[in-house]
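Below: one structure, written as structure tokens.
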Amino acid sequence: MEPILVSPVLESLQAGVLRITLNRPEKLNAFNPGVHQGLAAAMARAESESAIRCLLITGAGRGFCAGQDLTERDMKAAAIDLGTGLEAWYNPLVKRMRALPKPIVCAVNGVAAGAGANFALACDIVLAARSASFIQAFVKIGLVPDCGGSYFLPRLAGMQRAMALAMTGGRLSAEDAERWGLIWKCVDDAQLQSEAEKLAIALAAGPTRSIGFIKNAMYASANNTLAEQLDLERDLQREVGKGEDYREGVAAFLEKRAPAFSGK
Ligand code: LHQ
């Protein structure tokens, strides 16, 4: 009998939202080449298809993502170069996520460990189930945070909390992650998918060009002076001011009706 091939990344497009589901539940959706290839394909689609106006990333089963699959590497090999995998897969993925001029919502449905935790933090708006948790597991196996963790954590949580999370590899509950500003919101498990979907659909129906520019401005602020940021705001505002959505937004306000944004 032919083996049944199960895709390690599932995609579905509805109401302008590309839902991307990590799908290796028996391994808590750990990253392997299949997951990386699936994510790269989903990103390429998100970059090229105008019908996609928002991404929603989640995991199948009880985990979100347990980071790199630790069973797939030959630990007896004479030379191990972990930089190769980062260069080939993780780093391009994070850069593409940040550069995508469309919002990425993440629904963290369970444990997010190692690169899985930082993959979640690379998304633009993160919701997590109350039972979910975040673990900078790297130090437990003698590694350092990757997938952007050493960039995101100090910026989101402050240096003390970032340092302790990374040095201890301790588990952070979803509630504390919300309290610490690591994520947008912690919600009851049963509500996670519907809440995340509601948000993603609303973003997809929004003025998505403006939302893409908001993403650009917010992330640029991490390395800009106030003067540079004011210049950037002027340039972006000039651009969106020429767009259809601005006219539609003002017209809808004046006519006391809901706007119908085209994303243009
Ligand atoms: C796994 C994994 C996993 C394979 C659970 N792999 N099977 C590293 C190297 C190279 C280049 C790039 O970057 C990186 C970055 C990294 O991500 S390093 C960090 C890698 N991840 C970890 O160290 C986390 C390892 N996992 C855990 O500590 C636990 O599984 C957590 C805390 C995530 C969840 O614990 P539990 O809820 O108790 O679940 P479990 O441990 O029983 O796991 C369930 C199954 O999933 C189990 O398989 P089994 O056949 O025994 O049921 C695990 O072996 C498997 N699994 N993580 N990363």
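What follows draws every value from the coordinates through simple rules; no lab data is involved. Owing to the predicted nature of the structure, the values given are computational and were not obtained by experimental measurement. No Cβ is skipped: glycine too gets one built from the backbone with ideal geometry, and neighbour counts run over all protein chains shown.
Just to be sure I follow the definition: excluding the sites themselves, where is the longest run in the chain that has none of the GluC sites (Glu not before Pro) in a DSSP loop with at most 14 other Cβ atoms within 10 Å?
Details: sites that count: Glu49, Glu72, Glu255.
The answer is 73-254.
Per DSSP H run of at least 4 residues, take -39500 (n - 2.57); add these up for the chain, divide by its residues and hand me the 222 nm value, nearest 500 deg cm²/dmol.
Taking each H run of at least 4 residues, the total per residue is -13000 deg cm²/dmol.
Quick one, can you get me the convex hull of the C-alpha atoms of segment 208-254 expressed as volume per residue in Å³? If you can, show how the numbers build up before the last one.
Values: hull volume 3.3 nm³, N = 47.
Normalising the Cα hull of segment 208-254 by residue number yields 70 Å³.
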- Task: Any of Lys102/Lys242; Lys27/Lys215; Lys198/Lys264; Lys140/Lys198; Lys95/Lys256; Lys215/Lys242 with alpha carbons more than 29 Å apart? Name them for me.
- Result: Lys27/Lys215; Lys140/Lys198; Lys95/Lys256
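Under the classification rounded if a/c is under 1.5, otherwise prolate if a/b is larger than b/c and oblate if not, where does segment 6-153 fall, given a ≥ b ≥ c as square roots of the Cα gyration tensor eigenvalues? Before the final figure, lay out the partial values.
Numbers: a/c = 1.62, a/b = 1.45, b/c = 1.11.
Here segment 6-153 falls in the prolate category.
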- Within the chain, which cysteines find no other Cys whose Cβ is under 4.7 angstrom from their own? Cys54, Cys65, Cys147, Cys186
- Note on the structure: In whole angstrom, the spacing between the Cα centers of segment 183-202 and segment 33-112 equals 21 Å
- Message: Working only with C-alpha atoms, what are the Rg and Dmax values of the chain, expressed in angstrom?
- Response: 19.4, 71
- Query: If you place +1 on the Cβ of every Lys and Arg, -1 on the Cβ of every Asp and Glu, and leave all else neutral, what size is the dipole of the chain about its Cα centre, to the nearest 20 Debye?
  - Reply: 300 debye
- Item | Distant alpha-carbon pairs in segment 107-264 (separation over 23 angstrom), percent | 51 percent
- Query: Any idea which of Ala132, Met75, Leu156 is furthest toward the positive side of the dipole for the chain, if Lys and Arg beta-carbons carry +1 and Asp and Glu beta-carbons -1?
  - Reply: Leu156
